[in-house]
Amino acid sequence: MLKKLLFSLTLLIFATFSFAQSIGIIGSATPDGWDADTDMIQDAMNPDIWTISMELVTGAAKFRQDDDWAVNWGAADFPSGTGEQDGPDIPVPGGSYDITFNSATGEYTFVYTGLSFVSIGIIGTGTPNGNFDTDIDMTQDPLSPQVWTIDITLTMAEVKFRANDDWADNWGASDWPTGVGTPGGDNIPCEAGDWGVTFNTHTGEYSFELLIPVYDAIGLVGEATPGGWSDDTYLTQNPSNVQLWSGNITLVDGAAKFRADTAWTVNWGDTLFVCGTGVQDGGDIPALEGEYNVEFNSTTGEYCFNDPISIFSTIGVIGNGTGLGWDNGDIDMYQDPVQPDLWSVQLQLVDGEVKFRAEDDWAVNWGDTGFPTGTGELDGPNIPVFAGTWQIDFNATTGVYSFTPVTVGIIGTALVNGWDADEDLECSTTEGSTWTAIKNLMDGEAKFRQDDDWLINWGSDTWPTGTGTQDGPNIPVTAGIYEITVNTGTGDYSFIEGDATIEVLSSSFVKVFPNPTSNLLNISIEAKEMQKDITIQVMDLTGKVIEVKEFDSANQISIDVSAYNTGMYIVQISSDKYIVGKRFSVAK
């Protein structure tokens with residue numbers, strides 16, 4: 001009996017110590033990835049406790065026994081949790097950690113011990129940069145180096161956190177205004193306002209707290225208003241600055257105040273009229289009878305009752321600078337839906353003069369001598385303009401205008417350059433903000449964007465026609481030759497099947513060299529079907545034709561570009577049936 005007992009005890013001891021010869025941590029966050037374990041150290045007093053201090057990168061990890069998946073632990077929690085057999089991967093932010101694991105209970109902890117990031121930034125379409133290309137750096141807490149903060153103004157869009165201005169380490173989640181960012185997680189949906197942002201690289205926890213309240217509604221109330229003291233007359237929020245509110249209101253003699261969200265909890269008053277600064281629970285504003293354009297800042301309390309803005313049905317650009325002359329009508333501008341005195345349009349102009357006028361009539365028109373900016377006066381002089389494609393903005397209340405150079409292109413996997421470079425469209429001189437081009441497209445996706453930048457872009461999920469919206473989805477494209485049209489005022493676009501007698505050959509059939517060049521550009525035509533009746537057309541990136549040459553037959557052509565300005569150009573090589581486009585640059 002004693003022998004049996006000793007034998008059983010021996011087996012028990014052997015089983016206990018052979019049950020876990022080693023415990024290791026493994027995963028994309030560890031030095032050897034998922035290929036090999038990094039062994040942990042067993043506690044001398046408690047064999048169930050295993051520890052290690054190590055540097056991890058942003059990724060995932062699990063614990064496992066004896067370098068084998070037969071026994072492994074995982075969970076979705078970080079920095080602590082209880083691992084379960086075949087549980088999920090543990091999400092781990094990059095950093096230095098003291099790691100403890102209990103092989104009996106599955107409990108684990110990651111204690112952050114060091115900083116591994118030079119910088120942490122916030123990035124996205126919701127930031128002032130308006131894109132996912134450039135970070136805005138946060139500030140590190142000197143006492144808690146894993147905590148980073150920033151005060152920032154956001155728009156209603158998306159953001160993420162990332163380290164070292166690189167996507168190797170980034171965090172996101174679908175929760176707002178607080179949540180736990182996971183490595184490579186979803187974009188964080190954000191709301192417009194001024195926010196105090198805190199992010200913890202150790203835990204992934206983040207929070208967005210309003211620095212300045214953003215209200216759902218601001219109204220004017222009082223005996224001077226149409227609704228008296230009972231009903232608010234609401235102002236309109238400026239989408240570009242959520243603290244600014246305005247509206248046209250007809251008042252009678254009497255008192256008025258501003259208030260937020262149809263309640264007296266937050267209200268502003270003062271004793272001054274026409275302009276003043278309202279304070280919480282301040283006095284009644286002594287309004288006078290009249291029609292006013294009311295402006296109010298919900299952050300500072302500043303207000304003004306201005307002369308009402310002039311609301312016109314149409315505002316147009318007219319003149320020989322449009323290419324249509326002075327007698328062939330206006331080219332209509334587009335009215336801002338929120339601020340109806342703001343008008344804009346994109347036009348390709350020629351050297352000449354233009355003016356702004358209302359309702360297609362000379363009764364109300366504005367002009368000035370300034371270009372590219374100025375303040376138009378009623379019946380003022382003609383505005384001198386120069387050839388090019390311009391974004392034109394005009395304020396019918398103040399007369400302030402500006403002309404900003406612009407390009408519009410198409411980009412995406414449906415084009416040769418993919419998402420790396422735009423292929424420019426050409427602006428119509430007669431169709432306002434209409435841009436066109438004939439392109440050979442592949443199966444893939446595309447979007448339209450302005451000035452080779454994502455700040456202004458149009459997309460949609462419909463094909464071959466649709467209405468693109470700002471930051472909309474990629475447009476699905478079916479391969480073919482198309483006449484492409486997009487209206488940057490409305491976002492409407494169409495892809496219409498092109499002339500089947502013209503084929504766009506692969507650019508590999510034509511080579512241009514050296515590229516960049518300073519003197520001669522050599523063009524080698526390898527496709528025999530293109531070596532007769534050749535037309536060479538050189539354009540700049542706005543679509544302006546720089547030079548045209550014709551050849552009866554050739555397989556190699558040289559063009560003298562020594563007089564060209566430094567920059568990027570397009571050379572189009574065509575025969576009676578085929579066409580190839582190539583880009584080249586001139587560097588001096």
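The values are calculated or read from the model by the stated rules, or taken from the named source; none is laboratory data. Just so you know, these numbers come straight off a predicted model, no measurement behind them. Every residue, glycine among them, receives a Cβ derived from its backbone with ideal geometry; neighbour counts consider all protein chains shown. Side chains are part of the model used for accessible areas, which takes the heavy atoms of the whole protein and leaves out ligands, DNA and RNA. Shrake-Rupley method; radii C 1.70, N 1.55, O 1.52, S 1.80 Å.
Quick notes on this one:
- One residue from Gly352, Gly367 being modelled with pLDDT of 85 or more, in contact with a helix residue (DSSP H, G or I) (Cβ under 8 Å, 6 or more places away or on another chain), buried (at least 18 other Cβ atoms within 10 Å of the Cβ) and more than 26 Å from Asn238 (Cβ to Cβ): Gly352
- Evaluation of Leu288 against the conditions (1) within 30 Å of Glu223 (Cα to Cα); (2) open to solvent by less than 40 Å² (accessible area, probe 1.4 Å); (3) out of contact with any Cys (no Cβ under 9 Å at 6 or more places or on another chain) shows that the sole unmet condition is (2).
- Residue ID - most open to solvent (accessible area, probe 1.4 Å), chosen from residues in the stretch 511-557 that are under 30 Å from Asp351 (Cα atoms) and of a type in the set (Lys, Arg): Lys544
- Tyr108 among the aromatic types (Phe, Trp, Tyr), in a strand (DSSP E or B), on the phi < 0 side of the Ramachandran plot and at pLDDT below 90: no
- Of the numbered criteria (1) more than 23 Å from Thr182 (Cβ to Cβ); (2) free of Cβ contacts under 8 Å to residues at least 60 places away in the same chain; (3) of a type outside the set (Asp, Glu), the one Ala75 fails is (1).
- Number of the exception - Leu272 against (1) assigned to a loop (DSSP other than H, G, I, E, B); (2) in contact (Cβ under 8 Å) with a residue 40 or more places away in the chain; (3) not basic (Lys, Arg): (2)
- The strands (runs of 3 or more DSSP E) located wholly in the stretch 56-100 that include 3 or more residues which are open to solvent by 10 Å² or more (accessible area, probe 1.4 Å) occupy 59-65, 68-74, 80-82.
- Whichever residue in the stretch 488-510 is open to solvent by 70 Å² or more (accessible area, probe 1.4 Å) and of a type in the set (A, V, I, L, M) and, among such residues, is modelled with the lowest pLDDT: Ala500
- A single member of Asn248, Asn200 is open to solvent by 40 Å² or more (accessible area, probe 1.4 Å) and within 33 Å of the chain's Cα centre (by Cα), and it is Asn248.
- If the condition is being within 15 Å of Thr490 (Cβ to Cβ) and at pLDDT 85 or above, then the stretch 315-349 contributes Ile331, Asp332, Met333, Tyr334, Gln335, Trp343, Ser344, Val345.
- When residues of the stretch 234-245 are limited to those that are surrounded by 15 or more Cβ atoms within 10 Å (Cβ to Cβ) and not polar (S, T, N, Q), the one farthest from Trp195 (Cα to Cα): Tyr234
- Looking only at the stretch 155-168, and only at residues there that are over 18 Å from the mean Cα position of the chain (by Cα) and at pLDDT 90 or above, the one that is surrounded by the fewest Cβ atoms within 10 Å (Cβ to Cβ): Asn164
- For beta carbons closer than 8 Å, sequence separation of 6+ or different chains, a first residue in the stretch 135-150 that is touching a residue at least 60 places away in the same chain (Cβ under 8 Å) and a second that is polar (S, T, N, Q), the qualifying pairs are Met138/Ser119; Met138/Thr149.
- Of all residues making up the stretch 291-312, the number that are small (Gly, Ala, Ser) and modelled with pLDDT of 90 or more: 2
- Residue check for Asp43: loosely packed, with under 14 Cβ neighbours inside 10 Å and within 40 Å of the chain's Cα centre (by Cα): no
- Strands (runs of 3 or more DSSP E) (entirely within the stretch 386-482) containing at least 2 residues that are buried (at least 17 other Cβ atoms within 10 Å of the Cβ) and either modelled with pLDDT of 90 or more or not basic (Lys, Arg) (or both): 388-395, 400-405, 408-411, 434-441, 444-450, 457-459, 475-477
- When residues of the stretch 318-341 are limited to those that are open to solvent by 50 Å² or more (accessible area, probe 1.4 Å) and not in a loop (DSSP other than H, G, I, E, B), the one nearest to Thr236 (Cα to Cα): Gln335
- One residue alone among Phe386, Phe312, Phe356 is touching a residue at least 24 places away in the same chain (Cβ under 8 Å), farther than 27 Å from Gln450 by Cα and not aliphatic (A, V, I, L, M), and that residue is Phe312.
- Total residues in the stretch 293-317, condition crowded, with 22+ Cβ neighbours inside 10 Å and either closer than 25 Å to Gly276 by Cβ or acidic (Asp, Glu) (or both): 5
- Test for Ile152: is it among the aliphatic types (A, V, I, L, M), open to solvent by less than 70 Å² (accessible area, probe 1.4 Å), touching a Pro at 6+ places or on another chain (Cβ under 8 Å) and at pLDDT 90 or above: yes
- When Thr542, Thr485 are checked against the criterion of being in contact with a strand residue (DSSP E or B) (Cβ under 8 Å, 6 or more places away or on another chain), in a strand (DSSP E or B) and modelled with pLDDT under 85, Thr485 stands alone in meeting it.
Residue by residue, here is whether (1) more than 30 Å from Asn46 (Cα to Cα); (2) surrounded by fewer than 15 Cβ atoms within 10 Å (Cβ to Cβ) holds:
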residue: Ala104; (1), (2): no, yes
residue: Gly121; (1), (2): yes, no
residue: Phe132; (1), (2): yes, no
residue: Asp137; (1), (2): yes, yes
residue: Gln140; (1), (2): yes, no
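- Residue in the stretch 188-195 that is more than 20 Å from the chain's Cα centre (by Cα) and open to solvent by 10 Å² or more (accessible area, probe 1.4 Å) present: no
- Note on the stretch 132-189: residues that are farther than 23 Å from Ile456 by Cβ and part of a loop (DSSP other than H, G, I, E, B) amount to 22.
- Residue, nearest to Pro308 (Cα to Cα), within the stretch 370-385, restricted to residues that are surrounded by 20 or more Cβ atoms within 10 Å (Cβ to Cβ) and hydrophobic (A, V, I, L, M, F, W, C): Ile383
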